[in-house]
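To start, the structure itself, in structure tokens.
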Amino acid sequence: MNFELTEEQQMLQDTMRRFLSERYDTATRNAILDSAQGYSSEIWAQMAELGIVGALFSEDDGGFGGAGFDISTVFEELGRAGVVEPLLDTAILGGGLIARLGNDAQKEMLVEVIAGELQLALAHGEPESRYDLSRVTTRIESQGGKMVLNGRKAVVVNADAASHLVVSARESGEDDDESGISLFLLPADAPGVSMRGYPLFSGGRAAEITLDGVEVDDATRLGAAGEAFDALASQIAAAEVALAAETLGAMETAAALTRDYLMTRKQFGRPIGSFQALQHRMADMMIELEQARSAVILAAGHLEDAAPERDRHISAARNLLGRAGRLVAEDSIQMHGGIAMTQEYELAHIAKRIVMADHRFGDTDTQLERFIALSAA
Amino acid sequence: MDLSYTQDEIAFREEVRGFLDEKLPEELSAKVASGVVLSKADHDRWHAILNEKGWLAPNWPEEFGGCAWNAVQRHIFEEESARANAPRIVPFGLSMLAPVLMKFGSDAQREHYLPRILSGEDWWCQGYSEPGAGSDLASLKTRAVRDGDHYIVNGQKTWTTLGQYANKIFCLVRTDTNVKQQEGISFLLIDMDTPGIEVRPIKLLDGTPEVNEVWFTDVRVPVENLVGEENMGWTYAKYLLTHERTNIAGVGFSQAALASVKRMARQERHNGKPLIENAHFAARLAQVEIDLMAMATTNLRIISKAAAGQAPGVESSMLKVKGTIIRQELNDLARRAAGPYAMPFASETIDGDNDPVGPGYAAPTAAKYFNNRKLSIFGGSNEIQRGIIAKTLLAGGAK
């Protein structure tokens, strides 16, 4: 057993921590949150320059990482700083699917992704699909001798910043079948694609997308017809490791802020951290935080496993992070009191990142169900 | 034991229900149901409707224009109002300041201020908390120094709810710095348009314009605006807080929230079935419902024991803790039920229109979940309440 990061991962962690503590302070982030674009192009370019995007791709794909622990290292740091820039959507989901399924021509786009020159989004979830990964009702239809997509995609994170979209659609089968799903790589401004963009509660932006007779062909298809589900599930698994690690990082910051506050805030003539009622809550938070760290390590370490074993560990991590994250977010706010309710104070944003992570790729209960199903097998 | 309401109480409930059916404007109840922030005009409108009916001040004696309801009647009114999604009655003038004026104010203050509270002419806000004085309220530092027939007030108040709408503020100020903290505090009534007062909005984490900082720089307040005696403010403040804690259990709010989560869970589909049929979600929901049933009964037991108008001590602390846990749990369930559509930030500025993204019920769930974290913080945090309970239980015991 060895729980140390590799030298490269350690360097990456140090670089990111230094960069983000210098360049991504609370004032900067609050300005980004208030901006119309929802992320900073400047920060994005600098992160790409530092190799943060490249760390999420394998050497074959032009990067220098891409494995579970590379992902968890990067996202833990992003989480610690409450970063809202869309690395998960552009690199892990969009870029990851292109790397996994793309032909040579499509893969050329990865050079630009790693250089920080373009943004991507995965348009997969639908208004009725909730957390059901195989539910795809967007259909590929034949219209005037051409293949067209018709359907709606919901809460597509980073859609209105993306130059290209990876869009899922059903080639064959029933609405819930795993087989019969195809992916397409389309310009975001392709004719027939319309968007309604909006800000997200915990930062960043998303859009509702309507696909109305969007023309596709074999050149825009990503991977084989009707066989995209496994790749989709694999890349969502990577995104879940990323999200769990990001949540872990945010929990670390919430706990650190709370610890500092307990030691400095005085009421009744003494630091509030001298009250045993709060000391025990702080202790419980630290216990849960270490549980969360181990759960993330387990998930990251099993990311390359066969699907059932991979997903069992990922569901375990996300269920645990969902429970521990809620405790840390709520108790941090409670122990701070009113100050934590203000948007300007760092904890407000950090707590939102922790809690709202539960709304992507399956919430705490959905993960529990999947864990039960996979453990019974 | 008899768990049924009396004939009179049943008739009263019918009367309240009939009134709400007839008089509660649909625009208002729709806003409340969907979690939209109410404007000052919305609050004023409901205030006027209740005042016209004579139902604005359930806890006031009839001589001052109240309806002198007993505790059970007030409970029924609160429950029915919450069920009908009526706007919450802004409590600062009606149920916080008014009882203090009735008990400790001068005749002149009662005659001047009480009718203006009923008519809506005055909107009061509360100047209690300060940046350094939260749970430890008695450590407040805002100074009032006597200068002839005025006090000169300097300092800062915070978490002033809806202070942006108020034309008056009641304040705890320090008038003597040479005595024990609690003995140097006075209770002052201040016009918000007095020179030297500045209201600065605080941006909350859910984006709602709800609380403010109020800054005082050499604000001149006539001495006749002192309530009761100088340096006796802490006594009045504690009296006021016991009234802040009536309806602390929030049974009506929780019942309305439970009904709303159930409606959502019937519409949301999880793996092809209604979410309400999902075992995990259903179990969470059932547990909160079981807690709420018991807590509602605890609330009624305490209400029926308490003499009308008198707030109980340790029991109200118990109700505050359990009541807020239940409300927050229901807010958490609503957020979960909304699924991915809890993620959009439901701002009126989205697209420049008011159409929610996704189902309307999903839009405010995240904001509500975060906003209501305040329930266990304000009005005496749950830690303070547990301290009161423990102190009472263990008094003289642990040596």
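Observations on the structure shown:
- Computed over the range A:246-377, relative contact order equals 31 percent, with contacts defined as Cα pairs under 8 Å that lie 6+ residues apart.
- Residue-normalised accessible area of the range B:166-229, given per residue in Å² at a 1.4 Å probe: 43 Å²
- Taking all protein chains together and rolling a 1.4 Å probe, A:PHE275 ends up with roughly 60 Å² accessible.
- Compared with the alpha-carbon gap, the fully stretched path from B:ASP191 to B:ALA11 is longer by 60.5 nm at 0.36 nm per residue.
- Taking only the alpha carbons of chain B, we obtain Rg and Dmax values of 22.0, 75 Å in that order.
- Considering only A:GLY273, A:GLY223, A:GLY102, the mean-square fluctuation computed in a Gaussian network model of chain A, springs between alpha carbons under 10 angstrom, is largest for A:GLY273.
- With a simple spin-label model that places each label point 7 Å from the Cα along the Cα-to-Cβ direction, the separation between A:ASP284 and B:LYS40 comes to 4.2 nm.
- Solvent-accessible surface (1.4 Å probe) assigned to A:MET11 amounts to roughly 120 Å².
- Distances between placed amide hydrogens fall under 5 Å for B:TYR151 paired with B:VAL221, B:VAL223, all partners being 5 or more residues away or on another chain.
- Solvent-accessible surface (1.4 Å probe) assigned to B:LYS180 amounts to roughly 130 Å².
- In the protein assembly as shown, the C-alpha radius of gyration followed by the widest Cα-Cα span (Dmax) gives 28.6, 93 angstrom.
- With a 1.4 Å probe rolled over the protein heavy atoms of all chains, the accessible area of A:LYS266, A:LYS107 falls in the order A:LYS266, A:LYS107, largest first.
- Helical segments meeting 20 Å axial Cα length and Kyte-Doolittle -1.0 threshold in chain A (DSSP H): A:229-264, A:276-301, A:307-336
- Kirkwood-Stokes translational diffusion coefficient of chain A, alpha-carbon pairs, 4 °C, 1.567 mPa s, µm²/s: 61 µm²/s
- In degrees, nearest ten, helix B:233-244 long axis to first principal axis of chain B (Cα): 20 degrees
- Taking the chain by itself as reference, the range B:115-144 contains these residues with an accessible-area loss of 10 Å² or more in the full protein complex (1.4 Å probe, heavy atoms): B:PRO131, B:GLY132, B:GLY134, B:SER135, B:ASP136.
- Surface composition of the range B:96-235: carbon plus sulfur atoms contribute 49% of the solvent-accessible area (1.4 Å probe, protein chains only, all chains present).
- Here the Karplus relation 6.51 cos²θ - 1.76 cosθ + 1.60, evaluated at θ = phi - 60°, turns the backbone of the range B:135-143 into coupling constants of 4, 8, 4, 5, 8, 4, 10, 4, 9 Hz, with x for every Gly and Pro.
- Computed from Cα atoms, the angle from the helix B:40-53 axis to the main principal axis of chain B rounds to 90 degrees.
- Chain B: relative contact order as a whole-number percent, Cα under 8 Å and 6+ apart: 14 percent
- Residue pairs, from the table B:LYS103/B:LYS157; B:LYS180/B:LYS305; B:LYS141/B:LYS322; A:LYS153/B:LYS31, whose Cα atoms sit over 30 Å apart: B:LYS180/B:LYS305; B:LYS141/B:LYS322
- For the range A:332-377 versus the range A:256-280, the gap between their alpha-carbon centres in whole angstrom: 24 Å
- Integer Hz, Karplus 6.51/-1.76/1.60 couplings in order for the range B:330-343, x for Gly and Pro: 5, 5, 5, 5, 5, 4, 4, 4, 5, x, x, 6, 6, 6
- Residues with amide H under 5 Å from that of B:HIS270, placed H, sequence gap 5 or more: B:LEU275
- Max mean-square fluctuation residue, GNM over chain B, Cα-Cα springs under 10 Å, options B:LYS322, B:LYS238, B:LYS157: B:LYS238
- For the range A:21-39 versus the range B:1-73, the spacing of their alpha-carbon centroids is 45 Å.
- Sequence-distant lysines (8 or more away, or on other chains) whose Cα lies within less than 16 Å of B:LYS273: B:LYS262
- Centroid-to-centroid separation of the range B:82-97 and the range A:69-91 [C-alpha atoms, Å]: 45 Å
- The range B:245-394 - Debye-derived log10 I(q)/I(0), Cα point model, q = 0.12, 0.13 Å⁻¹: -0.59, -0.67
- As a fraction of the 1.4 Å probe accessible area of the range A:230-376, surface on carbon and sulfur atoms comes out at 57 percent.
- When the inverse distances between all different Cα atoms of the range A:225-332 are averaged and flipped, the Kirkwood radius reads 15.3 angstrom.
- Where B:THR217, A:THR210 fall by accessible area, highest first, once all protein chains stay in place (1.4 Å): B:THR217, A:THR210
- Choice from B:ARG301, B:ARG74, B:ARG386 showing the highest fluctuation, given a GNM over chain B with Cα pairs closer than 10 Å: B:ARG301
- The angle between the Cα long axis of helix B:382-394 and the main principal axis of chain B comes to about 80°, on a 0 to 90 degree scale.
- Protein heavy-atom accessible area occluded, A/B pair - total, 1.4 Å probe, Å²: 4400 Å²
- Contact order for chain A, expressed relative to its length and based on alpha carbon pairs under 8 Å spaced 6+ residues apart, stands at 16 percent.
- Contact-buried residues of the range B:356-397, at a threshold of 30 Å² lost accessible area versus the chain by itself: B:VAL357, B:TYR369, B:PHE370, B:ARG373, B:ILE377, B:GLU383 (1.4 Å probe; DNA, RNA and ligands ignored).
- The label-point distance for A:SER142 and B:ARG146, in a model that sets each label 7 Å from Cα toward Cβ, rounds to 9.7 nm.
The values are calculated or read from the model by the stated rules, or taken from the named source; none is laboratory data. Source: prediction; values computed, not measured. No Cβ is skipped: glycine too gets one built from the backbone with ideal geometry, and neighbour counts run over all protein chains shown. These accessible areas exclude ligands, DNA and RNA; they are computed on the full protein's heavy atoms, side chains included. Shrake-Rupley method; radii C 1.70, N 1.55, O 1.52, S 1.80 Å.
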